[in-house]
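The values are calculated or read from the model by the stated rules, or taken from the named source; none is laboratory data. Note that the structure is a prediction, hence the values are computed from the model and not measured. For neighbour counting, all protein chains shown are included, and Cβ atoms are generated from backbone atoms with ideal geometry for every residue, glycine included. SASA here: full protein model, heavy atoms, side chains in, ligands and nucleic acids out. Shrake-Rupley method; radii C 1.70, N 1.55, O 1.52, S 1.80 Å.
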Amino acid sequence: MIRAIVLAAGASSRMGQAKAALPLGSTGETVVARVVRTLLAAGLPDVTVVAGAHIDAVRNAMPAFEPRARVVEHLGWAEGQLSSLLAGLAAVDDPQLEAVLVTLVDVPLVRPDSVAAIVHAWRQSRAPIVRPVDGERHGHPVVFDRAVFADLRTADPRVGAKAVFATHASRRLDVTVKDPGAYVDVDTPADYQRVLRVTGTPAESPDRGSA
């Protein structure tokens with residue numbers, strides 16, 4: 001079994017408001033709702049969203065009437081991204097879990113077929129880490145096999161998951177994915193404006209006074 005974790009716990013300080021709650025597309029679908037929809041469309045059985053600094057905004061931005069998606073609160077979100085990943089892992093781990101697929105709420109444009117390709121590559125190889133690459137770029141989502149769970153849990157928080165990537169570099173599987181959405185991070189208002197143009201959303205400026 002493989003489960004999906006979306007990291008959405010940060011303060012979004014460069015954006016000025018919760019990235020997860022920003023609208024995308026003509027329907028007004030939020031960033032986090034789009035990420036959840038993409039993962040479910042790719043065949044993941046359920047999605048756990050880890051929220052922290054903007055817990056209420058994330059909860060309100062989740063897709064409505066979707067029992068396969070949930071939000072877990074991470075009170076220690078300020079400890080860094082690895083701590084959020086571990087909070088998600090703690091929420092989904094059970095004896096049947098073979099791997100987790102981890103992505104960032106900052107990466108909303110990745111296609112379902114790209115996600116499915118990463119999962120398929122893991123199922124075929126059972127590599128400890130599987131990630132999308134395009135030349136020198138590497139993106140999301142990333143699959144962590146159960147074989148590296150202990151390494152994640154004992155990694156130096158100051159280094160984060162990069163230490164685990166380094167430890168397993170010789171066995172890591174890089175999958176060529178020609179999907180620009182797998183490599184587009186939405187971190188700043190300028191990033192958001194570029195994404196709006198891609199999705200055909202009417203241009204707007206994030207309200208820096210919002211939470």
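Tabulated data
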{"item": "Directionally averaged shadow of the stretch 1-64, computed from the convex hull of its alpha-carbon atoms, nm²", "result": "4.6 nm²"}
{"item": "Simple Cβ-charge dipole of the chain, Lys/Arg +1 and Asp/Glu -1, about Cα centre, in debye nearest 20", "result": "280 debye"}
{"item": "Over the stretch 1-79, relative contact order from alpha-carbon pairs under 8 Å, at least 6 apart, %", "result": "37 percent"}
{"item": "Tensor-based shape of the stretch 51-147 (alpha-carbon gyration tensor, a/c under 1.5 rounded, otherwise prolate or oblate)", "result": "prolate"}
{"item": "Net charge over other residues, Cβ less than 9 angstrom from the Cβ of Ala127 (K, R count +1; D, E count -1)", "result": "+2"}
{"item": "Mean Cβ count within 10 Å, highest first, over the residues of peptides 152-164, 50-62", "result": "50-62, 152-164"}
{"item": "Computed log₁₀ I(q)/I(0) - Debye formula, equal Cα scatterers, no solvent, the stretch 130-185, q 0.22, 0.29 Å⁻¹", "result": "-0.89, -1.17"}
{"item": "Convex hull projection area averaged over all views, the chain, Cα basis, nm²", "result": "11.1 nm²"}
{"item": "Cβ crowding within 10 Å averaged over residues, with 113-122, 89-98, 35-44, 72-81 ranked highest first", "result": "35-44, 113-122, 72-81, 89-98"}
{"item": "C-alpha long axis of helix 81-92 to longest principal axis of the chain, angle in °", "result": "70 degrees"}
{"item": "Per residue convex hull volume, Cα atoms of the stretch 97-162, in Å³", "result": "109 Å³"}
{"item": "Among 134-143, 10-19, the order from most to least packed when residues are scored by Cβ within 10 Å on average", "result": "10-19, 134-143"}
{"item": "Å² of accessible area per residue within the chain, as computed with a 1.4 Å probe and no ligands counted", "result": "46 Å²"}
{"item": "Fraction of accessible area attributable to carbon and sulfur, the chain (%, probe 1.4 Å)", "result": "52 percent"}
{"item": "Sum of side-chain charges, Asp174 neighbourhood, beta-carbon under 12 Å (Lys, Arg +1; Asp, Glu -1)", "result": "+2"}
{"item": "Dipole axis of the chain (+1 Lys, Arg; -1 Asp, Glu on Cβ), positive-most option in Val198, Met62, Thr30", "result": "Val198"}
{"item": "Contact order normalised by residue count of the chain, Cα under 8 Å, 6+ apart, percent", "result": "26 percent"}
{"item": "Cα-centred dipole magnitude for the stretch 142-184, charges only on beta-carbon of K, R (+1) and D, E (-1), debye, nearest 20", "result": "60 debye"}
{"item": "Residue of Arg34, Arg131, Arg68 that the Gaussian network model of the chain assigns the largest fluctuation, springs spanning Cα pairs under 10 Å", "result": "Arg68"}
